[in-house]
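S.K.: Below you'll find the structure I mean.
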Amino acid sequence: MVRAKICGITRQEDALLAENLGAWALGFILAPGTRRYIEPEQIRPISSALGPFLVRVGVFVDTPPEEVLRQMEAARLQVAQLHGAEAPGWAEQVRRFFPVIKAIRISGPASPEWLTYPADALLVDGVSPGSGQTYPLEWLLPLRQHPRLIVAGGLTPENLRSVLDLAPYAVDVSSGVELEPGRKDPNKLRAFLAQVAAFNGTSLNQ
């Protein structure tokens, strides 16, 4: 089964629609200065409006562990995604309290050394996250043995099928289902999640 994470959520209506359509996880960007940044106090009511089985992910870039933990609590999030150049020790500190997804920006064939990073899942993204930039899927081959590999980077309803054929643990999309940064397109979101459901042999939630 391939899971779907919808990232860059800034609006409650988008979060509820993604949940109703069958998303497994939602990502909230807690990196100041980025186009989809949302403050913990703004995330909390969105998180509270969602059901208990949807995973809420906080996305951080080079944020010290103690600040990650503070913001996770303030926003009522469940999983921390580290999307910068965080040292393994930082991830280990956060993992004492929350599961960790380590995101790596890929600019060439993946390194098998990435498999040793202390995280609960490994996410591979393009060089410029949130830009819609893609990369050759062959670059992921050294990571195929990872039990929880998440594929991100330029995914859209049009190019998703080739990624699904790799059968990763999850796929992650942001700009590929947007009308503009931070605002999701209901039709694209539905088309994306319908493909994931079809691949898994299920029907799209309506």
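S.K.: Any residue that is aliphatic (A, V, I, L, M) and part of a loop (DSSP other than H, G, I, E, B) - is there at least one of those in segment 93-103?
M.R.: no
S.K.: Among the residues of segment 57-74, write down those that are surrounded by fewer than 22 Cβ atoms within 10 Å (Cβ to Cβ) and in contact with a Leu (Cβ under 9 Å, 6 or more places away or on another chain).
M.R.: The initial filter retains those residues of segment 57-74 that are surrounded by fewer than 22 Cβ atoms within 10 Å (Cβ to Cβ), namely 61-62, 64-67, 69-71, 73-74.
The answer is 61, 62, 71.
S.K.: Quick check, is residue 171 among the β-branched types (Val, Ile, Thr), open to solvent by less than 20 Å² (accessible area, probe 1.4 Å) and over 14 Å from the mean Cα position of the chain (by Cα)?
M.R.: No.
S.K.: Looking at 130, 153, 201, which is the one that is in contact with a Lys or Arg (Cβ under 7 Å, 6 or more places away or on another chain), among the small types (Gly, Ala, Ser) and modelled with pLDDT under 95?
M.R.: Step by step, each of 130, 153, 201 is checked, and only 130 is in contact with a Lys or Arg (Cβ under 7 Å, 6 or more places away or on another chain), among the small types (Gly, Ala, Ser) and modelled with pLDDT under 95.
S.K.: For residues that are free of Cβ contacts under 8 Å to residues at least 12 places away in the same chain and open to solvent by less than 40 Å² (accessible area, probe 1.4 Å), tally how many sit in segment 120-149.
M.R.: Selection size over segment 120-149: 0.
S.K.: Just give me the residues in segment 40-73 being within 24 Å of residue 87 (Cα to Cα) and assigned to a loop (DSSP other than H, G, I, E, B), in sequence order.
M.R.: Of everything in segment 40-73, those that are within 24 Å of residue 87 (Cα to Cα) and assigned to a loop (DSSP other than H, G, I, E, B) turn out to be 61, 62, 63, 64.
S.K.: Can you tell which of 134, 156, 116 is within 21 Å of residue 91 (Cα to Cα) and polar (S, T, N, Q)?
M.R.: Of the residues listed, the single one that is within 21 Å of residue 91 (Cα to Cα) and polar (S, T, N, Q) is 116.
S.K.: Do we have any residue at all in segment 16-24 that's touching a helix residue (DSSP H, G or I) at 6+ places or on another chain (Cβ under 6 Å) and at positive phi?
M.R.: Within segment 16-24, one or more residues are touching a helix residue (DSSP H, G or I) at 6+ places or on another chain (Cβ under 6 Å) and at positive phi.
S.K.: Output the strands (runs of 3 or more DSSP E) that fall wholly within segment 137-206 and possess 2 or more residues being aromatic (Phe, Trp, Tyr), or say none.
M.R.: Ranges flagged: none.
S.K.: Given (1) closer than 26 Å to residue 202 by Cβ; (2) touching a strand residue (DSSP E or B) at 6+ places or on another chain (Cβ under 7 Å); (3) small (Gly, Ala, Ser); (4) in a loop (DSSP other than H, G, I, E, B), where does residue 4 come up short, assuming only one miss?
M.R.: In the conditions (1) closer than 26 Å to residue 202 by Cβ; (2) touching a strand residue (DSSP E or B) at 6+ places or on another chain (Cβ under 7 Å); (3) small (Gly, Ala, Ser); (4) in a loop (DSSP other than H, G, I, E, B), residue 4 misses (4) alone.
S.K.: Could you check how many residues of segment 174-203 are over 16 Å from the mean Cα position of the chain (by Cα) and open to solvent by less than 30 Å² (accessible area, probe 1.4 Å)?
M.R.: Residues flagged as over 16 Å from the mean Cα position of the chain (by Cα) and open to solvent by less than 30 Å² (accessible area, probe 1.4 Å) within segment 174-203 amount to 2.
S.K.: Can you tell me which residue in segment 75-84 is surrounded by the most Cβ atoms within 10 Å (Cβ to Cβ), limited to those that are assigned to a strand (DSSP E or B) and not β-branched (Val, Ile, Thr)?
M.R.: 80
S.K.: When the residues of segment 85-119 are filtered to those that are closer than 17 Å to residue 59 by Cα and touching a residue at least 40 places away in the same chain (Cβ under 8 Å), which remaining residue is surrounded by the most Cβ atoms within 10 Å (Cβ to Cβ)?
M.R.: 101
The values are calculated or read from the model by the stated rules, or taken from the named source; none is laboratory data. On a predicted model such as this, the values are computed, not experimentally measured, just so you know. When we count neighbours, we look across all protein chains shown, and the Cβ atoms used for this are built from the backbone with ideal geometry, even at glycine. Accessible surface areas use protein heavy atoms only, side chains included; no ligands, DNA or RNA. Shrake-Rupley method; radii C 1.70, N 1.55, O 1.52, S 1.80 Å.
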